[in-house]
Every structure is written in C-alpha cells, then in structure tokens.
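Scroll down for the structure; my scribbles are underneath it.
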Amino acid sequence: MVRITTVDAVTVIATESLSKRFPRVTALDRLSVDIGPGVTGLVGANGAGKSTLIKILLGLSPASEGRAEVLGLDVATKGAAIRERVGYMPEHDCLPPDVSATEFVVHMARMSGLPPTAARERTADTLRHVGLYEERYRPIGGYSTGMKQRVKLAQALVHDPQLVFLDEPTNGLDPVGRDEMLGLIRRIHTDFGISVLVTSHLLGELERTCDHVVVVDGGKLLRSSSTTDFTQTTTTLAIEVTDSDAHPDGTRAVREALLARGLETHGEAGGLPGAGHILLLTATGEETYDRVRDVVADLGLGLVRMEQRRHHISEVFTGTDEQRKEAVGHGG
Amino acid sequence: MAVEHPPAMPAGDQTRIHDIGYRGYDGPRLGRSYARRSLYSQSLRGAYGLGRSVKSKVLPMLLFAVMCIPAAIMVAVAVATKAHELPVPYTRYAIIMQAVISLYVASQAPQAVSRDLRFKTVPLYFSRPIETADYVRAKFAALASALFVLTAAPLLVMYVGALLSKMGFAHQTEEFAQGLVSVALLSLLFAGIGLVIAAVTPRRGFGIAAVIAVMTISYGAVSTLQAIAYTQDSNSAVPWIGLFSPITLIDGVQSAFLGGSSAFPGGIGPSGGEGALYVVAALGLIAACYGLLIRRYQKVGL
C-alpha cells in the first residue's frame, strides 16, 4: 500500500459544509474542517454529532448535504476503499465472550482482507503492541474492562490502517487504565505512524494526547486548532515567593512592587491550600519574566516558583457565550 | 513469531518484547469477496462447532449422527434381506426426520446471527470492506450449506448402500439426484426462516424457542387441518393447506415434480398446477427471507 506522501494529500480528513439531518434532529450542521496527520481529538458533549461524523466518514451513512473526503477518497463513492484503509474502534462493547482475543482478532483481520497467514502474524504483533500477552489465548469473557479495550483497539489496528477512528476509548477505565490507553493512543501515531481521530467528552485527556483538537457542539464546528494554540494563546505565570524579615508578607510586597511597574496580578482562583501565596499574572513576552525576576531580587526575597499555567480546553465550554464566540473567531 | 526476535533477546522477557518496533503491513489486501468467503467458511465451520468450544460441538455432531444412523440401519437391513428397493425413498427421508432438522436449525441459526447482534459485533464487520449484502449472503449460504450437509449425508449413505447391494444403478441415481434437489431446496428454505427469526431475537434462548415454535406449530396446525379436511371429504383443500408450513411446502414440491410420494393424508399430493404454486411459494419465501435479512441488517448498521 502506498502511504500518503504527496503534498496535496496531507489532509487526512476534509469535510465541506457537511450536514446530516434526521427527521427530527440535525446531527451535523454545515461542518467544514480539515484534519491533518497526527492525533486529532474530536470533542463534544454526548449528542454533539461525533458518532454521526464517524459513520459518514466510514461511508456507511450518506450525508444530507456537503461532501467529505478521507485519505483523499470521497466518502459517498469510495466507502469500501476507505474502510479497507481505516480502522474503527466503537464506543460500546463489541466482543463475543466465548472466543479468545487471538481467534477474534484473526477473524477480524481476515474480514479486513488479510490472507490467513498474514492475519495470524499481524494479530500476534498487534496484540503484543497493545499490551496483551499470555491472556490472549483465554476467552474474552474473563477480561477486565482495560483488557477488553485493548482487544477492541487491536482489531482496529490489525490490518495496519492509515487512519483509525477511536470512539471514546477511555470510557469506563480507571485513572491508571485511562493513562495507559492515552499513552497507547499517542504511540499509535508516534511509533506506528497511523493517524488517529479520537473522540471524547473529556477535554483534559485530549489536551495531553492530541496534536489537534476539533470541538463540535450541536453538530456545529465550535473550534478547530492545534492543542498548543488552545492552551498557550495567553500564558499565565504563577509566582510564589518566600517571606523575609524586611518583608514579612513577601507575596504582598511583590504584588505592590509589580503594580508599581505596571504589572497587575491577581490571586489564584479556587480555595486550594496555599492559594493566597500564589500570584498569577499574564505574560506578554520575554520581558515579563525578566521584570518579575528583577522585582523579586530587588526585594531580597526567594523565588519559590515561577511557572507557566496552561489554559485548559474546558475553558472553551465553561466560558460565557461572548468568550465562546471570541474563541470560535480565533480558531477560524 | 520467533523469527522477528533479535538473537540477543532473552526469551520470555516481556518488557523487552514490548520494545520491538512496529512493523507495517505491505502484503496483499484481498478485499470484499475474500472477506465474504472467509465469513462463509467461518460460519459453516461454526455451524458444526468447529473452531469453537468442545461444548458447542456436542449438539450439532449429535444431530448429525442422529440423521445418519437410521439411514445406515436401513441400508444394513436392505443389504441383509437382499431387498430390491430401499425401505424409505430418498425424497421421503428428510420429511420423516424433520424434527431433527428443525432442532438443528433452532440451535445453529441463533449461533450464526444472534451472537453478533447480541454482543454488538456487527458494527465491526460493517466498518470493514464488506457490506450488508455480503454479510447476509455469507451467513445465509453458510447455514444453508450446513443444512445441506446434514440432510444430504444420510441420502449419500443410502445411495452408496443401494449401489453396494446392486439395486439398479440408473434408477437409484435418478432418485438420489431428485432427493438432493429436494434437500437443497429444504436447506435454503429452513436456513432462511431460521435466520430471519434468529436475527430479530438477539437473545439466544428466545431464538431457539422461536424457531422450534414456528417449525413445529406451523407443521402441527397444517397437518391437523389437512387431516380434518381429508376426513370431511374435502380432498381438494388438502394441497392448499399444505402451502402454509415449510416442511409440507417441500413435501408438495417433491411429490409434484421430484417423483416423491406425498406424506399428506391419503397421499393427496398437489397436482401439476398446484405444484407450480408450491415451487413459487418456496422460492418466494426464500427470497422474502433474504430481503428481510437485508432490511434487518441495514437497520442494525453501526
């Protein structure tokens, strides 16, 4: 198979005013988005249109209007060719309990068109890559949720697709399992060279995993940008200083000194322990760091911490409508 | 997979095995028709419990044996008594053994389709190159083939036995061929009915019960009505009533066209015209089952 290398094919998924209307509900409303290689998060509340979008992209459900391309293939006419090159991991449970992971994944590999020998080899490889070893010979019915998620992931990867759709892969996992799954998703791109479209309604986990995040709400595109854009458009600095004999309340002294130099600070939001001792200010450039350093040094205080606070993607949702519009405008 | 381990790798060290880099797949992708064939062979093997647990081999194998043993006994008797004709004609055998066939359909149709529906495996198939029609055709063909194996094997035993006891080659071959056509039609019909029922009852237990109910109740009702019609001297009604159960439908087709004697009360088989109606009804029913399955799976989708 030819990997996509040409310049005009660097877009893995492209949609153009894609709409899907059901008799009573509009699942997608003129969604236009270009997604490049890498790990892309598709974020939205339940019912935002994520699953509908995946269905259309797999060529299984015709769009009401607009068009979409996956790996340069039109979803309306090249569905079978797309499904040969793409993997899909559904959100719900989809594994028969009475067969072993090996048997099941071999069968699914053959359903993807792999010859019998290749299907067995790829199954062994893939199960190992997702972290299933001896247990792969046991019936799936006895697996933990985390192991089942790995089998679901393995069947999506077994035919070495160029792109995988992962629908809520961290659902039902405990925090450790969640972290492992997110690490695995990261590796799908970095180690396996497979692009990923992963959906979630939890924004925080996508922030850590994805290169790019697309936010949909009510079938509309709310925002599409890289995760660095999302979280670093404005950098917030957090500063904590020691107290000294000359300045029994070091925090206050620094705040006043910074204000005198034209830098306004504010306390940390939330009532966390020690919150009163942390000053937050907006960094506008390199000189902000220098000025803070100079102020603290002039006062003769110790600088305990000066760190960047990343914004969380969730601010896209928690913000007021006005901020939201701003965010959309920014995301373009 | 020992080939891919670098020689320095200590065997059994799983954390090290994990570090082997990812290898892509550049080999052939055989596409839709290969996937359909694979699904067919997997389902056909599954219908006899092959590639499944030991437990799931018991019932299909037992029913297979139950189907063949009477045929073997008949052959043995015919050979020993130097009979010139088999005690039961080829076309009649499946009619006599219909309870066993129904039981087989009831146990294997849900196995073939309900599992995928119940455990929601269907979306995994349809996210691959195969389409609804491929899935339905593979499953339909697999169950029909499994039924054909079940119903044709005893006929083969009888045919071989008949030839061994030198019962007229041409005559036996003709009847054997007619028997095969009859059980082929029966296999398609029973597979279709069984699959449709199983595809709308994802719970396996219900599926089994529903298939048995449809097969036995329809046959019971039809043969009772036929018997009543016969005793009331309305003989012309007998073939018409026979249209309404799968096994009597097969009976009618073969007594009209395949040289079979009817098992209807008084041996009143359908006439030529009525027989044509039987054929149309049987083929129409098979087509309807196929259509219903396609519709059902278009809805299940993803």
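The values are calculated or read from the model by the stated rules, or taken from the named source; none is laboratory data. Since the model is a prediction, treat every value here as computed from it, not as a measurement. In this analysis, Cβ positions are derived from the backbone assuming ideal geometry, glycine residues included, and neighbour counts consider all displayed protein chains.
Worth a mention:
- In the condition set (1) more than 16 Å from A:His159 (Cα to Cα); (2) surrounded by fewer than 22 Cβ atoms within 10 Å (Cβ to Cβ); (3) in contact (Cβ under 8 Å) with a residue 60 or more places away in the chain, A:Leu28 is compliant with all but (2).
- Residues of region B:60-86 satisfying the condition of being surrounded by 14 or more Cβ atoms within 10 Å (Cβ to Cβ) and over 15 Å from B:Val149 (Cα atoms): B:Pro70, B:Ala72, B:Met74, B:Val75, B:Ala78, B:Val79, B:Ala83, B:Leu86
- Selection status of A:Ala81, more than 25 Å from the chain's Cα centre (by Cα) and closer than 23 Å to A:Leu153 by Cα: yes
- Neighbours by Cβ (under 7 Å, 6+ apart or cross-chain): first from region B:112-128, farther than 16 Å from B:Gly207 by Cα and at the interface with chain A (Cβ under 8 Å from one of its Cβ atoms); second assigned to a helix (DSSP H, G or I) and among the hydrophobic types (A, V, I, L, M, F, W, C): B:Leu124/A:Met108; B:Tyr125/A:Met111; B:Arg128/A:Met111; B:Arg128/B:Ala35
- Residues of region A:46-55 satisfying the condition of being in contact (Cβ under 8 Å) with a residue 40 or more places away in the chain and buried (at least 19 other Cβ atoms within 10 Å of the Cβ): A:Ala48, A:Gly49, A:Lys50, A:Ser51, A:Thr52, A:Leu53, A:Ile54
- Which numbered condition A:Thr199 misses (of (1) outside any helix (DSSP H, G or I); (2) without any contact (Cβ under 8 Å) to a residue 40 or more places away in the chain; (3) not hydrophobic (A, V, I, L, M, F, W, C)): (2)
- Matching residues in region A:158-198 - criterion: being within 11 Å of another protein chain (Cβ to nearest Cβ), touching a Ser or Thr at 6+ places or on another chain (Cβ under 7 Å) and surrounded by 24 or more Cβ atoms within 10 Å (Cβ to Cβ): A:Val158, A:His159
- Among (1) at pLDDT 90 or above; (2) surrounded by fewer than 22 Cβ atoms within 10 Å (Cβ to Cβ) - the single one B:Ala237 does not satisfy: (1)
- Elements of type helices (runs of 4 or more DSSP H) contained in region A:27-144, each with 1 or more residues being more than 27 Å from A:Gly172 (Cα to Cα) and more than 7 Å from chain B (Cβ to nearest Cβ): A:79-85, A:116-129
- Of the residues B:Tyr230, B:Tyr278, B:Tyr219, B:Tyr297, the single one that is within 14 Å of chain A (Cβ to nearest Cβ) and either surrounded by 14 or more Cβ atoms within 10 Å (Cβ to Cβ) or among the charged types (D, E, K, R) (or both) is B:Tyr297.
- From the list B:Leu117, B:Leu124, B:Leu103, the lone residue that is under 15 Å from B:Thr151 (Cα atoms) and assigned to a helix (DSSP H, G or I) is B:Leu103.
- When residues of region A:1-21 are limited to those that are hydrophobic (A, V, I, L, M, F, W, C) and either within 20 Å of A:Thr190 (Cβ to Cβ) or modelled with pLDDT under 90 (or both), the one surrounded by the fewest Cβ atoms within 10 Å (Cβ to Cβ): A:Val7
- Yes/no for B:Ser53 being small (Gly, Ala, Ser) and out of contact with any strand residue (DSSP E or B) (no Cβ under 9 Å at 6 or more places or on another chain): no
- Single match in B:Tyr25, B:Tyr34 (criterion: within 14 Å of chain A (Cβ to nearest Cβ), at pLDDT 90 or above and not in a helix (DSSP H, G or I)): B:Tyr25
- Scanning region A:252-274 for residues that are hydrophobic (A, V, I, L, M, F, W, C) and modelled with pLDDT of 65 or more returns A:Ala253, A:Val254, A:Ala257, A:Leu258, A:Leu259, A:Ala260, A:Leu263.
- Test for B:Val105: is it modelled with pLDDT of 90 or more and over 19 Å from B:Gln42 (Cα atoms): no
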